[in-house]
Number of protein chains: 2
Amino acid sequence: MTSKNHIATAFDRDLEAIQAMITRMGGLVEAAILDAVRALETRDVDLAGRVRRGDAEIDALEERINIEAARLIALRAPTAADLRTVLSAMKIAAALERCGDYAKNLAKRSDVLSCMPPVEGATGSIRRMGKAVQLQLKQVLDAYIHRDADLAEEVRQGDHEVDQMYNTLFREFLTHMMEDPSNISACMHLHFIAKNIERVGDHATAMAEQVIYLATGALPDGDRPKADNTASTGGVARR
Amino acid sequence: MTSKNHIATAFDRDLEAIQAMITRMGGLVEAAILDAVRALETRDVDLAGRVRRGDAEIDALEERINIEAARLIALRAPTAADLRTVLSAMKIAAALERCGDYAKNLAKRSDVLSCMPPVEGATGSIRRMGKAVQLQLKQVLDAYIHRDADLAEEVRQGDHEVDQMYNTLFREFLTHMMEDPSNISACMHLHFIAKNIERVGDHATAMAEQVIYLATGALPDGDRPKADNTASTGGVARR
């Protein structure tokens, strides 16, 4: 972009500032997810509290990105590809903000679960799922910063695994509940947690699609892998 | 806006076209929610199928709104309040698109539920909740078109009732599951449906906040009513 005139350079500088905020937001969201699943597994109420309170900073960053993006559009009147870049930044910030909300919700539920009898094996599986999703986020943010469509496509394909982990957990929770109804309350919360982590994976996929759009000018075609089939099957009943 | 010059008039005309698409999108989403809860209650698999297939039109409208909004920004380079208006239109379209996804997911689950024994009273309560949320959407779209901050504030306050309906259902489902474990699979799906309807209500609230921002230039202060307390209480266990 060095050959552009001084207005383009000002645009690039503003855009870089926005992308730096997105990187920072992404780091906070990744940490929030890891901390939330760790707090769940170790029943660490203090850590869960820090995750809950930390969401305010993530929200503030999104607000800031929106303001800066609007200012950039108003000031520099970018066209075509540049405008697309700014709008994508806003979409990615919105997706990260939602992921932060999911981490916060997860931390809230982990507080509740710390007062209930543990469900065998559940929190370990959820931690592994959280770790997988955090890696997806990390990869998609790398892909975003480097406009790397191949890496983004990898993230998109990887969502399948997260969905499979969720499907497995869904069936496990059903089994636990049927075997011992005293597990029901805890399993309902654990199930929501697993679903919310799966949704973070969906957001990583949506971000990957934005990156592919930015890098290639076209959205990937409609064969997006989708493997959460619990909405369309009876779960354990049809297994 | 009649006193503005011809560029402003072109902006207004483009904006009106976008708002007409939002109105159409809103109507489709409202109908999808009503049809989905009706299909659930009457076990109407054909109607559920129409809701599932109808989501493509909602998605296409959002895509179209995004393209038109980007075109409008690029072509007319709106500043300050006008830019805010266009960005709000994109945010509202994104919220409606998600609400459409929830209706589609609801229709998928209603197919699954039609093969399971009914859970007493559940689908009637869910239909009432769906109706309440559809009215919230209708009201917030009216508020948007007329830039009516008071009406938007009413929607925002009304979300409390939807949250209460959800809390009541959450406890009912827990009770049903504990009383008879053969209800567990069905209740898990019903619970997701109720949660998704509650999320549509949250989106209506977020849209209401956009309308207040558009009409007054400021987001409402932080005391947004939030009454889904199932994430922070043990549900029936703490009642």
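Of note:
- Cα convex hull, segment B:6-238: 107 Å³ per residue, rounded to a whole number.
- On association of chains A and B, roughly 3400 Å² of accessible area becomes buried (total for both chains; probe 1.4 Å).
- Residue-averaged beta-carbon neighbours from other chains (10 angstrom radius) around B:69-77: 4
- The charge dipole of segment A:6-237, taken about its Cα centre with unit charges on the Cβ atoms of Lys, Arg (+1), Asp and Glu (-1) only, comes to about 420 debye.
- Coil-residue GluC sites (Glu not before Pro) of segment A:157-214, DSSP, other Cβ within 10 Å capped at 12: none
- Average beta carbon contacts from partner chains per residue of B:41-47, 10 Å cutoff: 0
- On a per residue basis, chain A carries 42 Å² of accessible surface, using protein heavy atoms and a 1.4 Å probe.
- Rolling a 1.4 Å probe over the protein heavy atoms leaves residue A:151 with an accessible area of roughly 40 Å².
- Set A:91/A:195; A:91/B:131; B:138/B:195; A:195/B:138; A:104/B:104 screened for pairs whose C-alpha atoms are more than 24 Å apart: A:91/B:131; A:195/B:138; A:104/B:104
- Whole-Å semi-axes of the ellipsoid equivalent to the protein assembly as shown (Cα gyration tensor, √5λ, descending): 37, 26, 20
- Normalised size of segment A:89-152, defined as Cα radius of gyration per 2.2 N^0.38 Å with N residues, equals 1.43.
- Residues in segment B:88-136 occluded by at least 10 Å² - accessible area, probe radius 1.4 Å, against chain by itself: B:90, B:91, B:98, B:102, B:105, B:108, B:109, B:112, B:115, B:116
- Partner chain coverage, peptide A:182-190 - average Cβ within 10 angstrom: 5
- Rounded percent of accessible protein surface that carbon and sulfur make up, segment B:6-238, 1.4 Å probe: 52 percent
- Backbone HN-Hα couplings from phi across segment A:16-32 [Karplus 6.51/-1.76/1.60, Hz, Gly and Pro as x]: 4, 4, 5, 5, 5, 5, 5, 4, 5, 4, x, x, 5, 5, 4, 4, 4
- Only Lys, Arg, Asp and Glu carry charge here, each on its Cβ (+1 for the first two, -1 for the last two); on that basis segment A:27-130 has a dipole of about 160 debye about its Cα centre.
The values are calculated or read from the model by the stated rules, or taken from the named source; none is laboratory data. Predicted model only: the values in this text are computed from it and were never measured. Note: ideal-geometry Cβ built from the backbone for every residue, glycine included; neighbour counts use all protein chains shown. SASA here: full protein model, heavy atoms, side chains in, ligands and nucleic acids out. Shrake-Rupley method; radii C 1.70, N 1.55, O 1.52, S 1.80 Å.
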